[in-house]
Amino acid sequence: MHIPIALGKAITKVSQTFNLGSGSTWPGEIALSLDANFLNNLSKKNPHLKIVLVAGTNGKTTTTKLTQEVLERQNYRVFRNEAGANLINGIASSFVYRADIFGKISYDVALFEIDENSLPRILEHITPFAIILLNLFRDQLDRYGEVNTIAEKWQEALKKLPKETLLVTNGDDPMLRFIGEKSNLHVSYFGIDEKLMDKKNAPHDVDFLYCPKCKTKLEFIKRSYSHMGIYKCPKCGFRHAKTSTFNSLPNPMFGLYNKYNINAASLLLQNGFGVNLKTIELGITNFDPAFGRQERIIYKGKNIFLLLSKNPASFNQSIQAIIEQDKNPNVLLLLNDRIPDGRDVSWIWDVEFEELKNAYYVTISGDRAYDMGVRIKYCDIPDSKFQIHDILTEAIIVAASRLETDQTLYILATYSAMLDVRKILKGRKIL
Amino acid sequence: MKAKNLFPKTYNLTIGWLYPELMSTYGDRGNIIVLQKRCEWRNINVRIEKISPDTEYQILDTCDLFFMGGAQDTQQEIVNHDLFGKKGSALKKKIEQGTPGLFICGAYQFLGKYYKTADGKILEGLKIFPSYTENPGENVNRLIGNIIIEPNSSTYNLKPKTYIVGFENHGGRTYLEDKSMTFATVKKGSGNNGKDKTEGIMYKNSIGTYLHGPILPKNPEIADWLIEKAVEVKYGEKIELEPLDDSLEQKAKDVVVKRNS
């Protein structure tokens, strides 16, 4: 019998029986404290298991979920870590659930979304079959620190992996392109088609405008969003990678950011698992987005569209996506500052809320609703077009009551606010 | 939101935004938006001059108010390189002449005498502010969290008991050579160094501070003070800005104060 697993499973059972929370991290915590090499030992015991790690600021959940759906169509047995449990203890917990008490895992593929900061530590414990690096944006600087630091840590951590490891990364992102170029791994790049990009000035939410090699300002021939696009360094010649753009594949979700997620998953499926385009297309067409990510909910007969919006790049993409749908959207903005949201709300000033100037109405709530209210006021949106509610339920009811028939209420919420609002809309907690 | 123009003439202000692409990581752009809107709402003409490494140093001479935000290390290196030279001297001259300015976090540190890095390296500063900053090392915690300060009332006209709120996130500890120059006293949080209760510096008409948040949206009285000073220095006339309805800003401030007391 495998002691850490048996104990972990017992703990899970106890915590479920007595309803002590989802128990998604502490079975793993216990397994790791009994055996520091728990993850390493377990993967050695299961050499058939292909482990895929997905890291990046935005899009991890959508990309892993989509990959799983397509692989299952191909009859692979696949498991993922639970949403949010993306630190090392969450990964270990996931192994505890899926292994039998002898440590045997009867799955073919493990798909793990990984917290940006935890990737280096997890790579000390696990040798993955493939890694997807999606993107890197400023996010919760109080918790994650600066994006350059994360990029450096990633670069170091990748050096220790065997050469045959697949690295699937974003050729439109200068820093990830640089990491790919520097690594000795089997690298392939995804991106989006040039036709989906345009030539505009740098937006404000950018992090990498200077050449990662020689620190000269990069020339952008075209941009997709944030600091991504087609670029070259006028001094040292560093340039955009040739990318796979999967132009024939549909994007049933909205926004360029989801096209990136789809292309990342597709490239891995193609290169790592030999899945053909037809099967990928079928998976995408039938894809049901993860909770809170472009989720459609009917609440008291009203159409609600919920978009997790957690940092400047993600918020800007959500705003673009809803404007594509509705030029005068009815919007509910929810801003919290709890640990999973980041305690510093300064970042809302890096978001182009000015784009909401033609909104039908803007309703605001959340722990830091007044900070959001001030932000909206300074977009020159008149007092008659926005309102703040301290109580979330009230905000939802009032915002929904403003809807005409056929109109949709677009809810843009930070992480913990998204969970709160979902609880109210669905009447129960789903994780 | 517009206030009437009660001024007998039109004022024109140029705000010099130092390195918007490089030094603007923590939503510090909000400070520029607030300065711009609060001028416009009073019918003061305002122009934003973005200063980048390609900008000629003479441009700094045309600015009536400066702003510079915080940055990440790599970006800061590019800026430091650019400011040692004619641009730095031009900025120093303007600040010494009384042109008002707001310098946040990394910018505040860089205007001081030096910055001692976590591994003990000394990086020269611009030597405008009589202050210096030391990073106590990688294994000492950064100072992170909501911060509430009370401005040093002798430095400028604020109503008594006005609190300033923001969010700080810094590894370096800053020390003032003359503590009477402190911008504010720490009520909650760490401030300059987590020890002596000082926060920021007030040098001539320029403010150096660790407050992100950003600082001006929730503390519009400081924005107005900077605008009044800019007009005063440029036109040689003392003006009093028409008050605006700041009830929303006050509520946002109250949330932070209430939660942290």
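Against the definition (surrounded by fewer than 22 Cβ atoms within 10 Å (Cβ to Cβ) and closer than 29 Å to A:K377 by Cα), how does B:I48 come out, yes or no? Spell out the reasoning first.
Numbers: surrounded by fewer than 22 Cβ atoms within 10 Å (Cβ to Cβ): yes; closer than 29 Å to A:K377 by Cα: yes.
Answer is yes for this residue.
Among the residues of the stretch B:192-207, which ones are over 17 Å from the mean Cα position of the chain (by Cα) and not charged (D, E, K, R)? Break it down into steps so the answer makes sense when it comes.
So in the stretch B:192-207, the residues over 17 Å from the mean Cα position of the chain (by Cα) come out as B:193-197.
Answer for the stretch B:192-207, where residues must be over 17 Å from the mean Cα position of the chain (by Cα) and not charged (D, E, K, R): B:N193, B:G194.
Taking the stretch A:329-340 on its own, how many of its residues are within 13 Å of chain B (Cβ to nearest Cβ) and surrounded by 22 or more Cβ atoms within 10 Å (Cβ to Cβ)? Don't jump to the end; show me each part of the working.
Just the residues of the stretch A:329-340 that are within 13 Å of chain B (Cβ to nearest Cβ), to begin with: A:335-339.
Then keep just the ones that are surrounded by 22 or more Cβ atoms within 10 Å (Cβ to Cβ); that gives A:335-337.
Result for the stretch A:329-340: 3.
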Open item on the list: Tally up the residues in the stretch B:213-235 that are modelled with pLDDT of 95 or more, over 15 Å from B:P151 (Cα atoms) and within 14 Å of chain A (Cβ to nearest Cβ), please.
Closed with: 2
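Considering each of B:K116, B:K197, B:K204 in turn, give the residue that is within 30 Å of B:N45 (Cβ to Cβ), basic (K, R) and surrounded by 15 or more Cβ atoms within 10 Å (Cβ to Cβ). Walk me through how you get there before you give the answer.
Values: B:K116 fails: within 30 Å of B:N45 (Cβ to Cβ); B:K197 fails: within 30 Å of B:N45 (Cβ to Cβ).
None of the other options fit; the residue is B:K204.
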Open item on the list: Step by step: first the residues of the stretch A:348-367, then only those that are touching a Ser or Thr at 6+ places or on another chain (Cβ under 9 Å) and within 9 Å of chain B (Cβ to nearest Cβ), then the one that is farthest from B:C105 (Cα to Cα). Which residue is that?
Closed with: A:D367
Task: Odd one out for A:A400 among (1) modelled with pLDDT under 95; (2) part of a loop (DSSP other than H, G, I, E, B); (3) among the small types (G, A, S) - done: (2)
Task: Residue in the stretch A:358-366 that is among the hydrophobic types (A, V, I, L, M, F, W, C), outside any strand (DSSP E or B), in contact with a strand residue (DSSP E or B) (Cβ under 7 Å, 6 or more places away or on another chain) and touching a residue at least 12 places away in the same chain (Cβ under 8 Å) present - done: yes
TODO: Could you check B:E232 against (1) part of a helix (DSSP H, G or I); (2) touching a Leu at 6+ places or on another chain (Cβ under 8 Å) and say which number it fails?
DONE: (2)
Open item on the list: Checking the structure you have, find out if any residue of the stretch A:132-153 is assigned by TED's automatic domain parsing to the domain that holds A:N263, closer than 17 Å to A:I91 by Cβ and surrounded by fewer than 19 Cβ atoms within 10 Å (Cβ to Cβ).
Closed with: no
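Can you tell which of B:F66, B:F84 is buried (at least 16 other Cβ atoms within 10 Å of the Cβ), away from chain A (no Cβ under 14 Å) and of a type in the set (F, W, Y)? Before you say what the answer is, go through the steps one by one.
On the way: B:F84 fails: buried (at least 16 other Cβ atoms within 10 Å of the Cβ).
So the residue among B:F66, B:F84 that is buried (at least 16 other Cβ atoms within 10 Å of the Cβ), away from chain A (no Cβ under 14 Å) and of a type in the set (F, W, Y) is B:F66.
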Task: Any chance B:N43 is surrounded by fewer than 23 Cβ atoms within 10 Å (Cβ to Cβ) and either touching a strand residue (DSSP E or B) at 6+ places or on another chain (Cβ under 8 Å) or not in a loop (DSSP other than H, G, I, E, B) (or both) - done: no
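Does A:H204 meet the test of being surrounded by fewer than 20 Cβ atoms within 10 Å (Cβ to Cβ) and within 14 Å of chain B (Cβ to nearest Cβ)?
Working: surrounded by fewer than 20 Cβ atoms within 10 Å (Cβ to Cβ): yes; within 14 Å of chain B (Cβ to nearest Cβ): yes.
Answer is yes for this residue.
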Task: Residues being assigned to a loop (DSSP other than H, G, I, E, B) and either among the charged types (D, E, K, R) or within 9 Å of another protein chain (Cβ to nearest Cβ) (or both) - total across the stretch A:209-219 - done: 4
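The values are calculated or read from the model by the stated rules, or taken from the named source; none is laboratory data. Just so we're clear, the structure is a prediction, and the values are computed from it rather than from any experiment. Note: ideal-geometry Cβ built from the backbone for every residue, glycine included; neighbour counts use all protein chains shown.
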